[in-house]
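> Sending over a structure as structure tokens; questions will come in a sec.
Laboratory data are not the source of any read-out in this text; all were calculated from the coordinates shown. All values derive from a computational prediction rather than experimental measurement. When we count neighbours, we look across all protein chains shown, and the Cβ atoms used for this are built from the backbone with ideal geometry, even at glycine.
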Amino acid sequence: MAAITLSGLTKQFGTFTALKSLDLTIGDKEFVALLGPSGCGKSTTMNIIAGMETPTAGSVRFDDRDMTGVPMGERGVGFVFQNYAIFTHMTVFDNLAYGLKVRRLPQAEIDARVRQVAELLGLVPFLKQKSAGLSVNILQRLAIGRSAAINPQIFLLDEPLSNVDAAFRAVMRTELKHLQREFGQTMVYVTHDQLEAMTMADRIAVMDHGVLQQVGSPIEVYNNPINTFVARFLGAPSMNLVPGRLTGTGDAVVVELDGLGALPAPRVAATSADVLFGIRPEDVAIVPVDAPGALPMEVVFVERIGPRTILHLAAAGHQLKAVEGNGYPVSIGERLAIRPDPARVRLFDRASGLALSAE
């Protein structure tokens, strides 16, 4: 068992508060991604879990064991850093075997574990080669394999794929998830890349300025962001947020979008009529300009990115985006109209940025 419980975790560096009363439970064998922009506190959180940093306040527990004062070497964690820190004078085999030899395991067991990890990570052809001169991609595989070989109950990865190329990142996302399932480890993964978090993690913990914003499955966090920070941070492109004002009563409630027009609104518990109307770009349909219940806009920019076309639209001082297929025929300057899917609309309080819940 290797559940992690963080309670009231706070970390201050002088007058700077890197973490503010963070509470988070990570289940045994769960893959959790700590996601957020640079400086949000995610690496500090991981360093405290590992024992590399001491919290100013709060506690860390592994199962029922309080880890206060327990040094990193006695926590049973594997750690992979952004800079892979490989012993370049050693062969790939010796790097993979290093932690096992330190633990004085029998040679037959060392050989078996090294072979198992090497096969999982595609390192078998390199086992006899010196690590010096290997590509960055292979060195990062090696760094992950060296920590995985000791079979830690808790595996901590801090931006491990940020230095490698895009094609290799796509491969490693699959391999890391497979590795975690194969060894049954609790895995905590720090990243600023939402694609990494959403494709690998069982749950995502979104952080900003040292504060845990939202925790949930990738789909839950994406579909139901708790505030406008999460709505903007997740999604490529991010959620459209348009200022508006709630009017009407009962089933006739609409949002008057400043200078654009009115659209149906979900019934929410709101203390203020001033809201932000949120809709994902992929939940916007393009319709004729004269279509009822649609918002006329002008195309100001077009991005064609592989299978998708992203339309940048403008009207009345507002900028919105819509997503269509890669062959969608459209030109800059064209007039069209958009109709958001009413079932996918999310409303936020304009002052606080918090999501408004259904009545």
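> Can you spot the aspartates and glutamates whose alpha carbon is less than 12 Å from K20's alpha carbon? Ignore those fewer than 8 places along the same chain.
K20 reaches D208.
> For segment 4-229, what is the charge dipole size about the Cα centre, in debye to the nearest 20, if Lys and Arg each add +1 at the Cβ and Asp and Glu each add -1 at the Cβ?
560 debye
> Moving to a separate point now. Let me know the Kirkwood hydrodynamic radius for segment 262-359, please, with Cα pairs as the basis and the value in Å to one decimal.
After inverting the pairwise mean of 1/r, the radius is 14.5 Å.
> Further, regarding this structure: Extent of segment 1-146 along each principal axis, from alpha carbon coordinates, in Å, largest to smallest?
Ordered largest first, segment 1-146 gives principal extents of 49, 32, 24 Å.
> Taking the radius of gyration and the Kirkwood hydrodynamic radius from Cα positions alone, what is the Rg/Rh ratio for the chain, to two decimal places?
When Rh is taken as the Kirkwood radius, the ratio is 1.06.
> Let me ask something else. Any lysines with Cα under 21 Å of the K177 Cα? List them, leaving off those in the same chain fewer than 8 positions away.
Hits, sequence-local ones excluded: K29, K42.
> Still on this structure: What percent do you get for the relative contact order of the chain when only Cα pairs under 8 Å and 6+ apart count?
Working: 743 pairs, mean separation 55.2, N = 359.
In percent, rounded to a whole number, it is 15.
> In addition: Through the Karplus equation 6.51 cos²θ - 1.76 cosθ + 1.60, θ set to phi - 60°, convert the phi angles of segment 220-226 into ³J(HN,Hα) values in whole Hz; use x for Gly and Pro.
Karplus values, whole Hz, x for Gly and Pro: 4, 5, 5, 6, 10, x, 7.
> Helix 136-149 sits at what angle to the longest principal axis of the chain, using alpha carbons and giving 0 to 90 degrees rounded to 10?
70 degrees
> Could you give the size of the charge dipole of segment 142-295 about its Cα centre, using +1 on the Cβ of each K and R and -1 on the Cβ of each D and E, expressed in debye and rounded to the nearest 20?
Here segment 142-295 has a charge dipole of around 340 debye.
> I've got another one for you. Report, in degrees rounded to the nearest 10, the 0 to 90 angle that the Cα long axis of helix 92-102 makes with the longest principal axis of the chain.
In the chain, helix 92-102 runs at an angle near 70 degrees to the longest axis.
> Find out how many positive minus negative residues lie around R245, taking Lys and Arg as positive, Asp and Glu as negative, among other residues whose Cβ is under 10 Å from that of R245.
Details: positive: R350; negative: E256, D258, D274.
Neighbourhood net charge equals -2.
> List the longest stretch of the chain that has no exposed loop site; here a site is one of the trypsin sites (Lys or Arg not before Pro) assigned by DSSP to anything other than H, G, I, E or B, with at most 15 other Cβ within 10 Å.
129-266
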